[in-house]
1. Counting only DSSP beta bridges with both residues in the chain, tell me the antiparallel percent, nearest 5.
2. In the stretch 147-276, what % of DSSP beta bridges are antiparallel (nearest 5)?
3. Return one quarter of the surface area of the convex hull spanned by the alpha-carbon atoms of the stretch 78-175, equal to its mean projected area, in nm².
4. Give me the distance in nm between label points sitting 7 Å out from Cα along the Cα-to-Cβ direction at residue 252 and residue 27, one decimal.
5. How far apart, in nm, are the 7 Å Cα→Cβ label points at residue 51 and residue 72?
6. Distance between Cα centroids, the stretch 248-267 to the stretch 1-78: provide it in whole Å.
7. Which of 144, 16, 47 ends up with the largest GNM mean-square fluctuation for the chain, with Cα atoms connected below 10 Å?
8. Over all directions, how big on average is the projection of the convex hull of the alpha-carbon atoms in the stretch 132-276, in square nanometres?
Ligand SMILES: Cc1ncc(C[n+]2csc(CCOP(=O)(O)OP(=O)(O)O)c2C)c(N)n1
Ligand SMILES: [Mg+2]
């Protein structure tokens, strides 16, 4: 087909994209999806695409609602939210997409804010370069059916105290005064203030997106307001074999070692009967 993109059936984007990448490994494949599409109807495909580490770049527009169908709650809707399908408030604990990515052995996870195109651009470039499944969660507003859902985190007046931009190799600090940071305390991360209780810059953890062990990335991905700032930027990026590379190698090996090379040879192979 002479095209650069098309719509698939709701929930099946990961399947179509996996098929395209398997058949045409030379293509640079990007999949756009919603929180409902990727985590509800397409949840099964989503985790297996990630587990296979097939080289696809995935942008999840997480507006924490089924927008197109006019406002039913999704797997990422916050507990207690009143929606058209939860008139008394949801009684389900939401997924954070990053938790699923780590649980499914993901190799790349990043989070960006819809109204910050500059940060988004840098992350998209990183994701594009990553060999394997790259998942980018966009904290996306839905003006009509879930307006201002992320404002509690990204609102102009609160953003600097409620968001932490993670940069590989740099201290994990944030805040309007850039004086808050993350340390490890007991079994979990903890927010501290530099200059208080004997805490200095040296105590603050450095972000390493490349550690194979996903435990720290899992903790960073699930940080949430009010206990923690929400992490944006590239949280995890590790190199690992991709499904499409391994598949191509297998196909090439099979072709090289095949004793039957053409359809005519195939038809004349094995037991052949001549009909008279
Ligand atoms: C097979 C199928 N089932 C259900 C629907 C109805 N449907 C369309 S969009 C949607 C939910 C979309 O939610 P999300 O993925 O979060 O995207 P948003 O509209 O919020 O961007 C549903 C249930 C459909 N189009 N096709
Ligand atoms: Mg949605």
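Laboratory data are not the source of any read-out in this text; all were calculated from the coordinates shown. It should be emphasised that the depicted structure is a prediction, and the values quoted were computed from it without experimental measurement. Virtual Cβ from ideal backbone geometry, glycine too; neighbours counted across all protein chains shown.
1. Working: 16 of 38 bridges.
The antiparallel proportion sits near 40 percent.
2. Numbers: 9 of 13 bridges.
About 70 percent, rounded to the nearest 5.
3. On the way: hull surface 32.5 nm².
Directional mean of the projected Cα hull area for the stretch 78-175 stands at 8.1 nm².
4. 2.1
5. 2.6
6. Each part's Cα centre sits 33 Å from the other's.
7. Maximum fluctuation in the GNM of the chain, among the listed residues, is at 144.
8. On the way: hull surface 69.9 nm².
That works out to 17.5 nm², a quarter of the Cα hull's surface.
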